[in-house]
1. Among the residues of segment B:34-53, is any within 12 Å of another protein chain (Cβ to nearest Cβ), touching an Asp or Glu at 6+ places or on another chain (Cβ under 8 Å), over 30 Å from A:LEU229 (Cβ atoms) and touching a residue at least 40 places away in the same chain (Cβ under 8 Å)?
2. How about segment B:54-76: which of its residues are away from chain A (no Cβ under 13 Å) and free of Cβ contacts under 8 Å to residues at least 24 places away in the same chain?
3. Is it fair to say A:LEU136 is in contact (Cβ under 8 Å) with a residue 24 or more places away in the chain, closer than 30 Å to A:ALA47 by Cα and either of a type outside the set (Gly, Ala, Ser) or outside any strand (DSSP E or B) (or both)?
4. Taking the stated definitions as given, is B:GLU112 of a type outside the set (A, V, I, L, M), on the phi < 0 side of the Ramachandran plot and away from every other protein chain (no Cβ under 14 Å)?
5. Do the conditions hold for A:GLU207, that is, is it surrounded by 15 or more Cβ atoms within 10 Å (Cβ to Cβ), outside any strand (DSSP E or B) and not polar (S, T, N, Q)?
6. Out of segment A:139-170, which residues are assigned to a loop (DSSP other than H, G, I, E, B) and within 22 Å of A:LEU111 (Cα to Cα)?
7. Taking A:SER327 as meeting all but one of (1) within 14 Å of chain B (Cβ to nearest Cβ); (2) in a strand (DSSP E or B); (3) closer than 27 Å to A:GLY95 by Cα, write down the number of the exception.
Amino acid sequence: MAELKKTPLFERHRALKAALAEYGGWIMPIQYEGIIAEVRQTRQKAALFDVSHMGEFLVEGAGAAAFLQEVLTNDISALYDGRIIYSPLCYPHGGTVDDILVYRCGAERYLVVVNAANTAKDYEWLSERAKPGMSLRDISAETALLALQGPNSLAVLQALGRAPLEQLRYYHFLPEVELAGIKCLVSRTGYTGEDGFEIFCPAGKAEALWGALLEAGELRHLGLVPAGLGARDVLRLEAGLPLYGHELSESISPLEAGLERFISFKKGPFIGREALLQQMEAGLSRRLCGLILLERGVIREGYPVSDGEKEIGVVSSGTYSPTLNRSIGMAFLATGEAVPGRAVQVVIRDRAHRAQVVTLPFYRRESK
Amino acid sequence: MNWQVQKGLKYTRTHEWVRLEGDLATVGITDYAQDMLKDIVYVELPEVGRLAQAGESLAVLESVKAVSDLYAPVDGEVVEVNEALLEQPELLNQDPYGEAWVVKMKVAPGYENPDLLDEEAYAVLLEEEVKE
C-alpha cells in the first residue's frame, strides 16, 4: 500500500494525542477526547474539524459552465458569484462517480470540492471530459480545509476578523475573508446538521489558523473543541446526509439515495440523464431510508434487514447516536418496504432486533 | 505508558483480565482495552450456564465506531454476568477492573491456561503495543 498522506495539521493532531487511522488514503484524526463528547460539543457549542483530506479543483475558462452542466446532475445556471450548489456526478449508467460541492467564484471560475477518497478518480473522470476553452486544476495539495461547526461557530469567527459573516447565508461564501491575518475563503456549509462554516486557506497557513481558532474559542469561552472523523460520521448520519461509499457508489444511483432534488432533468443533456430517467419510469427497486433500533444494540453497515420472514434490504451506515440516545442507521430497502412507520428487523449477529423505518433526517436543528 | 495494570490479576494477549479465586474466574477488560475502544455504548452478555473454551468469544462490546469481542480466558461455565453493564455500558470506561467486571466463570476441573500473563508480562506487552 502506498504511504498514507498527511494533512498540514498532522503534527497538531499528534500533539493533541488524537486517535489516528487511515481514511481514503490519508492518516486522519478519528477522535480526541472521545466521539460522544465531540458530538455533544458540536451540537451544543462548537467543534473544529480538519478536513484537509477533501479534494479541491478549479474549473476555469469560457467553457467551464457548459462543462459542469454536462457532468453534474444538478443545474448550475441559477448560480451567481458567491453561491454554492450540491450535486451528484453520475456515470452514463446512472451510478454515482461522486457527490460534490460547486462554488461559483465567477462566470468562468468554479471551485469544486470532492470526497478525499475520490479525488484522483474524479480528476481523471473530469479531465477526460474537459472541453476546449477551459482548464481543470487540482489544488488539493496546496489547500487546507477546516470545518468549524456548531451554534457558537459564528462567534468564534467574529473574534478573529471583521467580515460580515453574520449575513452570510447557508450555501453561500465569501472569497476573501481575513481571519487572524490569514486570507481565507469562508463558506456557510457543513456536514453536521448544525450552523457552521468551512474555511479554505493555503496549506502553509493551516497550523496558524487552527491554533488561532482554538485560542479564540478558549479566550471567549465558546466551548470550541477539536473533533475527529468519528464524530463527523455520527453527526452526518444524525443529519441524514449520505456518505460516498455507503449511501452512494458506482452501483447506487442518486435517485435510490433519495437525492432527486439535486437532479435537474429540465436543464438539458448531462451524463447519466437517460439512465436516471429510465429508472424513474421503471420505478426504483430500492430506496434509502432511516432506521431506528427499538431495542438495545448498535446498527452497523452490512447488517441485513428483514420483515420477519425474508430479507428486504441492507444497512448502509449505522451508529449509536448520542443525540437520540439510541442506535440509528440508513438502509436500502425494497421500495414497497421503505415506508415510514413500518416495523422491520435488523439482524445483528444472527439475532433479529426490532427496528422502525423513519423519514430522514434523524436530527434537525431548531431554526432561530 | 498511561494504562493501569492491576497486581494479583492474570491477563490475556487479547486484553482481558481474570481474577482467579479457587475455581471461580472473574473476567473483565483491561484499562488499555477500554481506552482503545473508548465510549462503550453496548454490551452483549452470554447466558448463564454457557460452556466455553479459552479463546472463545463470550461477550461483545461495542463502542461508537467498533465492535469488539471479549474472549474466555479459561475453559469453564458462565455462572454469573454483570447485568449492570446492560444499563450502564459506560462503566467499562470508568472502572474496568472494578464495577465493570463482565462475567464470572467456574473453571473446568483441573484446567489451567499456560498462556495467561502476570502483571509484569502484561505491562511488557503494552509497551510493545505502544511502540507499534
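1. Within segment B:34-53, one or more residues are within 12 Å of another protein chain (Cβ to nearest Cβ), touching an Asp or Glu at 6+ places or on another chain (Cβ under 8 Å), over 30 Å from A:LEU229 (Cβ atoms) and touching a residue at least 40 places away in the same chain (Cβ under 8 Å).
2. B:GLY55, B:GLU56, listed by residue number.
3. Taking the combined requirement at face value, the residue does not satisfy it.
4. So B:GLU112 fits the description; yes.
5. Judged against the criteria, A:GLU207 is a match.
6. Once the filter is applied, which keeps residues that are assigned to a loop (DSSP other than H, G, I, E, B) and within 22 Å of A:LEU111 (Cα to Cα), segment A:139-170 yields A:ILE139, A:SER140, A:ALA141, A:GLU142, A:ALA163, A:PRO164, A:LEU168, A:ARG169, A:TYR170.
7. So A:SER327 meets the others, but not (3).
To keep it simple, each residue is scored yes or no on (1) surrounded by fewer than 19 Cβ atoms within 10 Å (Cβ to Cβ); (2) not hydrophobic (A, V, I, L, M, F, W, C).
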residue: B:PRO89; (1), (2): no, yes
residue: B:GLU99; (1), (2): yes, yes
residue: B:LYS104; (1), (2): no, yes
residue: B:ALA108; (1), (2): yes, no
residue: B:TYR111; (1), (2): yes, yes
residue: B:LEU116; (1), (2): no, no
residue: B:GLU119; (1), (2): yes, yes
residue: B:TYR122; (1), (2): no, yes
residue: B:GLU127; (1), (2): yes, yes
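Values quoted throughout were computed directly from the atomic coordinates according to the rules given, and no laboratory measurement underlies them. Here the structure is a predicted model, which means the values were calculated and not measured. Positions of Cβ are generated from backbone atoms using ideal geometry, with glycine treated the same way; all protein chains shown enter the neighbour counts.
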